[in-house]
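For reference, the structure discussed in these notes is given below.
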Amino acid sequence: MPTVSLTSLFEHYNYLITIFLMMSGLYILVAGGNMAKKLVGLSIFQTSVYLLYIEPGKILGGTAPIIDPAFATYSNPLPHVLILTAIVVGVATLALGLALVVRINEAYGTIEEEEIFERDREQ
Amino acid sequence: MKAVWPHLPILQVIIPLFGALLAGFLRRSGVAFALALAVSWIVAANAFALMWQVLSGGPISYHMGGWEPPVGIEYRVDILNGFVLVLVSVVGAVTMPFARRSVAFEIEDDRGAWFYCMYLLCLTGLLGIVITGDAFNAFVFLEISSLSTYVMIALGPDRRALLSSYQYLIMGTIGATFYVIGIGLIYLSTGTLNMADMASRLGTAWTVDARVVIAALAFITVGISLKLALFPLHAWLPNAYTYAPSFATAFLSATATKVAIYLLIRYYYSVFGAAIDFASLPITEIIIALSIAAMFIASFIAVFEKDLKRMLAYSSVAQIGYITLGIGLANQAGLTGGLVHLVNHALMKATLFLAAGAIFYRAQTVQLKDLAGIGRKMPVTMAAFTIAGFGLIGTPGTAGFISKWYLAVGALDKGLWLLVFLIVGSSLIAVAYVGRVLEIAWMREPGPAAASASDPQLSMLLPLVILACAVVYFGFDTEWTAGIAGKAAQYLLAGLR
């Protein structure tokens, strides 16, 4: 098992940023009571995954992956393609989530989770 | 016909996808229904043809656009996913006639076409997850089916449907994102997204750095477990199933969770299991423990529910526990039992939720207190409910008995005597919650809500009767369920390292 040293942590600072974003997104999801804010948290959480894929795809000194005799090293295009798809999925999810929040607001008159549960209990 | 024959794997997904597009343009509820019905039947025929190809000629590998895997996306059909494809599409085809009146009753007419559009999109996603051999492609299909599911749930008649849909969206997206994180970690350590290719490269990745592989396994397990509602990640399921339109509940309970279970089996047995030695990780113990918890706790909650659909939803969580128990046992009889229960539970739950839908259509309520004597007014509906209910308990002569028998044998083969008693014990709790409904429905005098009810039209009764007959039939003739499941289990266990 490789040991974790401080230098290796700094060398992989990009992963630290990814993990930080991931955890903040999850925290907002768990701690928030406002439904729109929760969706923001969900978005941040998903965005961190985009970073997780994109970063290792970049090769230092590599160019865009278009074959040209002047270059020998290229960045890996596959993660970019995958994440383009994931971004589309993320946008669709966010749009649907926000549409649901609008409908919830129309039906309940609030988007605070606590108040909504209270209104359903009164019923 | 000859030109189409080799392209069945892609047609399985493309036909419902274009059907969904067309249904969205049609706008007229009746026309969209006719389209959805036609598509469901074509898709089922296609699935049978694929299964026939697999049984006669072995696994099929379809290369998308002619690109060889692992570069291109591969659709791969073997005996396991052929089996699940048939299950999903047949459930869709059989239950579809029920949808017309039920959807027209529960959803405003101008939204009817959208409902069928979403149904077909969901079918596309589910079939896609099952057929694809590419891990990222599976994620895209997972999201296609999930997003359309959220919309279907939100179309439910009660305002709480919106809330349940939102909660499911949050949980479902977390699950799907966990899955992508897991795939990303595997991609980082193996450089491939093709499942078969992953299986061959993970072994090396495991020896280089086992922690990455364990983290990936953990993320994928939790992500898929959220989608399949493995206890204690089932919190989204009861509300979603309770407030969704009746037809959507019946369809989803029979297919959506089952497809997620398939994906878990695929990863455990064909990807991770083929590459690393599972005995060194405590996975089977965790799965078995959670399954037992689901079997008991969820069943116990079901006993005290006042709403018929919610009770059935909790029962679903419990029954999923039996299926995952089979996965955890990981021996021939146990895995066969899990796979058979995948099919049998789909048939039984579809019957039960369709019956609940028929009751809602006629009596406008599914609260148990209002259902006194409903059996005397809706005898055919409740007879189907009763048969499927006996199936849930695992009475001999129904399909449910076959699955529990195999599970018990699997537990004995592993030397887990206690587990056999636990399987029987949890079935006794099922006796309590099913029996409570049967007592209310058959023994009591009809109340005000039940008084004016009667059996619904033939288009709603026929799916119910067919499914109830299937529950009995597969309790006697097990060649097409346990027979094929046995072969699939053998195939999966042979791939294990």
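Binning at 5 Å from 0, report for region B:326-439 what percent of all alpha-carbon pair distances ends up in each bin.
Calculated P(r), rounded to whole percents: 2, 12, 20, 21, 15, 11, 8, 6, 4, 1.
Could you tell me the extents of chain B's C-alpha atoms along the three principal axes, largest first, rounded to whole Å?
Ordered largest first, chain B gives principal extents of 70, 56, 42 Å.
For the pair B:ARG497/B:GLU68, report the inter-label distance in nm, with labels modelled 7 Å from Cα in the Cβ direction.
Here the modelled spin labels are 2.5 nm apart.
May I ask you to work out the translational diffusion coefficient for region B:1-278 at 10 °C, viscosity 1.306 mPa s, via Stokes-Einstein with Rh from the Kirkwood sum over Cα pairs, reported in whole µm²/s? Provide the component values of the computation, followed by the final result.
Values: Rh = 19.1 Å.
Rounded to a whole number, D works out at 83 µm²/s.
With all pairs of different alpha carbon atoms counted, what Kirkwood hydrodynamic radius in Å does region B:282-497 show? Show your work: numbers first, answer last.
On the way: mean 1/r = 0.0572 Å⁻¹.
Kirkwood hydrodynamic radius for region B:282-497: 17.5 Å.
From the Cα trace of the protein assembly as shown, what convex hull volume per residue do you get, rounded to a whole Å³? Let's see the in-between values first.
On the way: hull volume 98.9 nm³, N = 620.
Residue-normalised Cα hull volume stands at 160 Å³.
Using a basic spin-label model with each label point 7 Å from the Cα along Cα→Cβ, how many nm lie between A:ALA92 and B:ILE466?
2.9 nm
Taking 0.36 nm per residue of sequence separation and subtracting the Cα-Cα distance, how much length would be gained by fully extending the chain between B:GLU479 and B:ALA451, in nm to one decimal?
On the way: separation 28, 0.36 × 28 = 10.08 nm, distance 4.28 nm.
Going from the current span to full extension adds 5.8 nm.
Over all distinct alpha-carbon pairs, what is the Kirkwood Rh of region A:6-122 in angstrom?
Numbers: mean 1/r = 0.0589 Å⁻¹.
Result for region A:6-122 stands at 17.0 Å.
Report the one residue of A:ALA107, B:GLY337, A:ILE54 whose Cα lies farthest in the direction of the positive end of the charge dipole of the protein assembly as shown (charges on C-beta: Lys and Arg +1, Asp and Glu -1; origin at the Cα centre).
With unit charges placed on the Cβ atoms, the residue in question is B:GLY337.
How much length, in nm to one decimal, is gained on full extension between B:ALA38 and B:ALA289, taken as 0.36 nm per residue of separation minus their Cα-Cα distance? Kindly include the intermediate steps, with their values, before the conclusion.
Details: separation 251, 0.36 × 251 = 90.36 nm, distance 4.31 nm.
Separation in residues times 0.36 nm, less the Cα-Cα distance, equals 86.1 nm.
Express in whole angstrom the spacing between the alpha-carbon centres of region A:1-56 and region B:280-356.
Result: 34 Å between the Cα centres.
How much net charge surrounds B:ALA135 when only other residues with a Cβ under 15 Å from its Cβ are counted (Lys, Arg +1; Asp, Glu -1)?
Details: positive: B:ARG76, B:ARG201, B:LYS227, B:ARG266; negative: B:GLU74, B:ASP134, B:GLU143, B:ASP197.
Neighbour charge sum, excluding B:ALA135 itself: 0.
For region A:6-122, with only Lys/Arg (+1) and Asp/Glu (-1) charged at the beta-carbon, what is the dipole magnitude about the Cα centre, in debye rounded to 20?
Values: 6 positive and 11 negative charges, 66 e Å.
Here region A:6-122 has a charge dipole of around 320 debye.
To the nearest whole percent, what portion of all C-alpha pairs in region B:18-80 is separated by more than 14 angstrom? Working shown, then result.
Values: 1326 of 1953 pairs.
Result for the distance tail: 68 percent.
Assuming 0.36 nm per residue, please report the length gained on full extension of the stretch B:SER459 to B:ARG28 beyond their Cα-Cα distance. Can you show the working numbers first?
Details: separation 431, 0.36 × 431 = 155.16 nm, distance 1.96 nm.
Full extension from B:SER459 to B:ARG28 adds 153.2 nm.
Provide the per-residue ³J(HN,Hα) series for region A:81-98, in order, calculated from phi with Karplus coefficients 6.51, -1.76, 1.60 and θ = phi - 60°, each as a whole number of Hz, with x at glycine and proline positions.
Taking θ as phi minus 60°, the curve returns 5, 4, 6, 4, 4, 5, 5, 4, 4, x, 4, 4, 4, 4, 4, 5, x, 5 Hz for region A:81-98.
In what order do A:ILE66, B:ILE288, B:ILE214 fall by count of nearby beta-carbon atoms within 10 Å, going from fewest to most? Before the final figure, lay out the partial values.
On the way: A:ILE66 8, B:ILE288 24, B:ILE214 15.
Arranged by neighbour count, lowest to highest, A:ILE66, B:ILE288, B:ILE214 become A:ILE66, B:ILE214, B:ILE288.
For q = 0.21, 0.25 Å⁻¹, what log10 I(q)/I(0) does region B:263-335 give under the Debye formula with an equal point scatterer on each alpha carbon and no solvent?
After summing over all Cα pairs, the log10 values are -0.86, -1.04.
Looking only at other chains, what is the average number of their beta-carbon atoms within 10 angstrom of each beta-carbon in B:157-170? Don't skip to the end; give the middle numbers.
Details: counts 0, 2, 9, 6, 2, 11, 10, 0, 5, 12, 4, 1, 9, 9.
That average works out to 6.
Show the residues, 5+ positions off or on another chain, whose built amide H is closer than 5 Å to the amide H of A:THR63.
So A:THR63 has HN proximity to A:THR73, A:TYR74, A:SER75.
Looking at region B:148-191, I'd like the Rg to Rh ratio, where Rg is from alpha-carbon atoms and Rh is Kirkwood's inverse mean 1/r. All intermediate terms of the calculation are to be shown ahead of the outcome.
Numbers: Rg = 15.0 Å, Rh = 11.8 Å.
My calculation of the ratio gives 1.27.
Going by C-beta contacts inside 10 Å, put A:LYS38, B:LYS306 in order with the fewest on the left. The partial results should precede the final answer.
Values: A:LYS38 23, B:LYS306 10.
Ranked by crowding around the Cβ, least crowded first: B:LYS306, A:LYS38.
For the residues A:TYR27, B:TYR406, B:TYR62, what sequence is obtained by ranking on other C-beta atoms within 10 Å, fewest first?
On the way: A:TYR27 13, B:TYR406 27, B:TYR62 20.
Exposure proxy ranking, most exposed first: A:TYR27, B:TYR62, B:TYR406.
What does the average come to when, for each residue of peptide B:139-151, you count the partner chain Cβ atoms lying within 10 Å of its Cβ?
Details: counts 4, 5, 0, 1, 7, 2, 0, 3, 6, 1, 0, 5, 3.
So the per-residue partner count for this stretch is 3.
Bear in mind that the values in this text are calculations on the coordinates, not laboratory data. Because the structure is predicted, anything quoted here is derived from the model rather than measured. Note: ideal-geometry Cβ built from the backbone for every residue, glycine included; neighbour counts use all protein chains shown.
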